[in-house]
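What follows is calculated from the coordinates using simple rules that are stated; it is not laboratory data. Here the structure is a predicted model, which means the values were calculated and not measured. Here the Cβ is made from the backbone with ideal geometry for all residues, glycine too, and neighbour counts use every protein chain on show.
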Amino acid sequence: MTKAPLAAARDDLKHTSVGASVVQPRRRGDAPPRCPRCSAHGWWNGWRVVYPVVAFASAVVRWELSLARVRCSACRHAFTCYPPGFYPRRQYQLDVVADVVAAVEIGGESVATAAAARSASPTSARRWSAWIAALADVEALHAVAAHVDPSTATVATSMPRSRAAAVLDAFEVLGAALGRTGVAAVERTGLARVLGWQHRAHGDVIGLVTGPRRFSPAMARGGRSHGR
Ligand SMILES: [Zn+2]
């Protein structure tokens, strides 16, 4: 892939207002990436247009993004190339989701206020809180963090407001542990860093509606090979 659009656009977006829309030009590298299932070479196979909502420090922006498609020459698997920072099958990207849920569950904002500030609906905000609360066990996340970086201090949030708050906090612990071991991430929040890394490293996608909905420590440790 060419330069990551998130990194390239970050400076341009300093003065972009909430809810602004940004159309990104099509771009792709010279050679398609290898197949995630069998590692064979493939060929470029068209584009998929998606409309992700991305959170920057100063703004929440809806993008129109053309993602290159590749078809494997050996096993014929077709897949989409996601630049770093973009999570599959999800309009509101994980940093936005984490921001909204943290504002409500940790910061004590009202659902309506937190959602409106990020151009989301209150219904989505409530669904995201429930999803995060059920996403992983706090103890398991802390265990994985200690596994990837034994220097991790597992200081849990004192009296979290809710289970979603405790899970979000544990994802921050694991995201920070990954960062200390050199895992590069363009994502800001622990939730987005951990799931983004899992997607890039193992091809796993945790779904909000379909597919696996729970984070698996075995996946994080690399206990599984390539994705489904
Ligand atoms: Zn293949």
Quick one: which of 170-177, 182-189, 142-149 comes out on top by average Cβ neighbours within 10 Å, and what's the full order, highest first?
170-177, 142-149, 182-189
When you count, for each residue, the other Cβ atoms within 10 Å and take the mean per peptide, how do 68-77, 120-129 rank with the highest first?
120-129, 68-77
Ranked by Cβ crowding within 10 angstrom, fewest neighbours first, how are Val60, Val23, Val101, Val53 ordered?
Val23, Val53, Val60, Val101
Using 0.36 nm per residue of separation minus the Cα-Cα distance, give me the extension gain between Ser110 and Ala31 in nm, one decimal.
23.7 nm
With 5 Å bins from zero, work out the P(r) of the range 58-184 over every alpha carbon pair and list the percent per bin.
2, 10, 16, 16, 17, 15, 12, 7, 3, 1, 0
Exposure proxy order (Cβ contacts within 10 Å, fewest to most) of Leu65, Leu94, Leu178, Leu208:
Leu208, Leu65, Leu178, Leu94
